[in-house]
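Accompanying notes for the structure given below.
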Number of protein chains: 2
Amino acid sequence: MSRTYDTPQDAEDAYYDALEEGDLEILLAVWDESEDIGCLLPMQPLAQGRAAVRDAFARLFARGRQGIALSVKHLSWIETDQVAIHLVEESPQDHGPDGSPPLVVYGVNIYRRGTGGWRLILHQNAPPPPPAGNLPPMAR
Amino acid sequence: MSRTYDTPQDAEDAYYDALEEGDLEILLAVWDESEDIGCLLPMQPLAQGRAAVRDAFARLFARGRQGIALSVKHLSWIETDQVAIHLVEESPQDHGPDGSPPLVVYGVNIYRRGTGGWRLILHQNAPPPPPAGNLPPMAR
């Protein structure tokens, strides 16, 4: 798999497209080849390095929903020559099996520019806040 | 408040020290002066910009625990000339009011180098995974 992403956004588009398609190989091609990559999917343990990231997405795709279609809204966008940081809201396009509205989560995607263009080096999801007026105590 | 942090780690040390001291002004001095900063504390809504970040920590400090002492373990560390990304585990040093063990959370701290040295531009927490063998379905 040798694709070159000329911009961080190209890499990001490829990431979410591969997620929607459930295409593990294309998805992994968006990630940097180095072992310092890290991925925190919602409520999952940290995956560090190529093998762990592959396992994390393989498990995700094996959970009965081959592709995961997310609408992505950019909240903030910080870019330098070498690193791009995108703070996004990810909204699943499908409702839950019980018809519940999809859960929107925050995500940070960090890209690094290397000889092969821009690649994903870190993805971290964070849960959404609870309904307004009902904020829990901070995590202890 | 004019402090200069010569390295990302200097800024990070100042951040966690200020958190432990419950010192809002020093804490805010670690954050970049720009409006593109963002902060996602555990289960809280996104705070974007100086005023929102100030409010988020003011609320945190107002919750009856003036200072928050965290042990910080580095999981990964990616630095370029302009941006530094630290993936950490934050372990509260205090047990909960009911004696429950403290909840360890993941955190990403991103620093940017400007004319005033290194400053924090993004902090995002992510919840810890549930106990092994009991992973929930992915967030929908």
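Read-outs: derived from the displayed coordinates by stated rules, not from any lab. Everything numeric here is computed off the predicted structure, so don't read it as measured data. Here the Cβ positions follow ideal geometry from the backbone for every residue, glycine too, while neighbour counts run over all protein chains shown.
On alpha carbon coordinates alone, what is the Rg over Rh value for region B:8-126, Rh being the Kirkwood radius? Mind dumping the intermediate values first?
On the way: Rg = 13.8 Å, Rh = 14.5 Å.
Checking Rg against Rh, the ratio lands at 0.95.
Look at the alpha carbon pairs under 8 Å that are at least 6 residues apart: their mean separation over the length of chain B gives a relative contact order of 25 percent.
By the gyration tensor of its Cα atoms, with a ≥ b ≥ c the square roots of the eigenvalues, what is the shape of the protein assembly as shown: rounded for a/c under 1.5, prolate for a/b over b/c, or oblate?
Here the protein assembly as shown falls in the oblate category.
Each Lys and Arg Cβ is given +1 and each Asp and Glu Cβ -1; about its Cα centre, region B:8-126 then shows a dipole of about 320 debye.
Using a 10 Å cut-off on Cβ to Cβ distances, tally the other chain neighbours for every residue of B:40-53 and report the average as a whole number. Provide the component values of the computation, followed by the final result.
Working: counts 9, 4, 8, 10, 8, 6, 8, 0, 3, 1, 0, 0, 0, 0.
Neighbouring Cβ atoms belonging to other protein chains average 4 per residue here.
Ranking B:V105, B:Q9, B:T80 by Cα position along the charge dipole of region B:8-126, where only Lys, Arg, Asp and Glu carry charges on their C-beta atoms, puts B:V105 farthest toward the positive end.
Residues of B:67-80, mean number of Cβ from any other protein chain within 10 Å of their own Cβ, rounded to a whole number? Intermediate results must be reported in sequence, preceding the final value.
Numbers: counts 0, 3, 0, 0, 0, 0, 0, 0, 3, 9, 1, 10, 1, 6.
Counting Cβ atoms of other protein chains within 10 Å of each residue's Cβ and averaging gives 2.
Computed from Cα positions, the angle between helix B:50-62 and the longest principal axis of chain B comes to roughly 50 degrees. Within 10 Å of the Cβ of each residue in A:114-123, the mean number of Cβ atoms contributed by other protein chains is 1. Spacing of the modelled spin labels on A:E35 and B:S71, each 7 Å from Cα toward Cβ, amounts to 2.6 nm.
Counting only DSSP beta bridges whose two residues both lie in the protein assembly as shown, roughly 85 percent are antiparallel. Computed per residue of chain A from DSSP H runs no shorter than four, each worth -39500 (n - 2.57), the mean residue ellipticity at 222 nm is -7500 deg cm²/dmol.
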